[in-house]
């Protein structure tokens, strides 16, 4: 479990901010959990990158594994609490889901109970080649942004119930902030479609 008790980040939530003035002091190191990886996903780079592949992988059965073939998902091994920040880089022709979820999310049902963003157990930023959207409990909202960036920063303040996503280049620009109440520690996770990959930075 990862946590920090530092002061709130000095980030301008109305626009851009210098990275050095913002969230990197809350950075946490994450790894992907092989026991959760869907059989159409391959982990690499010391479990820091996930790629969708066409070939069904012969991973052993595990109670934590996401089995739904049409929703290829994976969770990070580490949970986050307090204030935490991490960055990812994504690529692909369709979309990827940048998510946080409770460990209790269903892994086996062939229903929306398992899918990031389609239930009350998970929250997702969906990155398309031409837009971003946010999904929670089955409700998807398109987000107004100026440009699509392949590097995304995620900031969580669990006790304050804040989840924020940023586009990251030489500056940081807020994509979306969600205010809610978290009742459990959160695990970062990803849903990766064919031709797509996500790498933890």
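What does the convex hull of the Cα atoms of the range 46-124 come to per residue, in Å³, rounded to a whole number?
Dividing the Cα hull volume of the range 46-124 by its residues yields 128 Å³.
Please report the projected area of the range 103-151's Cα convex hull averaged over all directions, in nm².
So the Cα hull casts an average projection of 4.1 nm².
Mean projection of the alpha-carbon convex hull of the chain over all orientations, in nm²?
Average projection, Cα convex hull of the chain: 10.4 nm².
Run the simple label-point estimate for residue 70 and residue 131 please: 7 Å along Cα→C-beta, distance reported in nm.
Simple spin-label model gives 2.1 nm for this pair.
Each label point is 7 Å from the Cα along the Cα-to-Cβ direction; what then is the distance between the points at residue 24 and residue 147, in nm?
Simple spin-label model gives 2.0 nm for this pair.
If each of residue 94 and residue 171 carries a label point 7 Å out from its Cα toward its Cβ, how far apart are those two points in nm?
3.5
Kindly provide log₁₀ I(q)/I(0) values, in the same order as q = 0.20, 0.28 Å⁻¹, from the Debye equation applied to equal alpha-carbon scatterers of the range 71-111.
For the range 71-111 at q = 0.20, 0.28 Å⁻¹, log10 I(q)/I(0) is -0.86, -1.25.
Normalised by the residues of the range 116-201, what does the relative contact order come to in percent, with Cα pairs under 8 Å and at least six apart?
Relative contact order here is 17 percent.
Which one, 55, 178, 89, has the greatest fluctuation when you compute a Gaussian network model over the chain with C-alpha springs under 10 angstrom?
Of the options given, 55 has the highest mean-square fluctuation.
Quote the relative contact order of the chain in percent (integer), defining contacts as alpha-carbon pairs under 8 Å separated by 6+ residues.
Here the relative contact order equals 27 percent.
Averaging over every viewing direction, what projected area does the convex hull of the Cα atoms of the range 20-76 cover, in nm²?
Hull-based average projected area comes out at 5.1 nm².
Scattering from the C-alpha atoms of the range 129-168 alone, worked out with Debye: what is log10 I(q)/I(0) at q = 0.34 1/Å?
Here log10 of I(q) over I(0) equals -1.14.
Where a number appears in this text, it was derived from the coordinates with a stated rule and is not lab data. Quantities reported herein were computed from a predicted structural model and do not represent experimental measurements. Glycine gets a Cβ as well: all are built from the backbone with ideal geometry, and neighbour counts include every protein chain shown.
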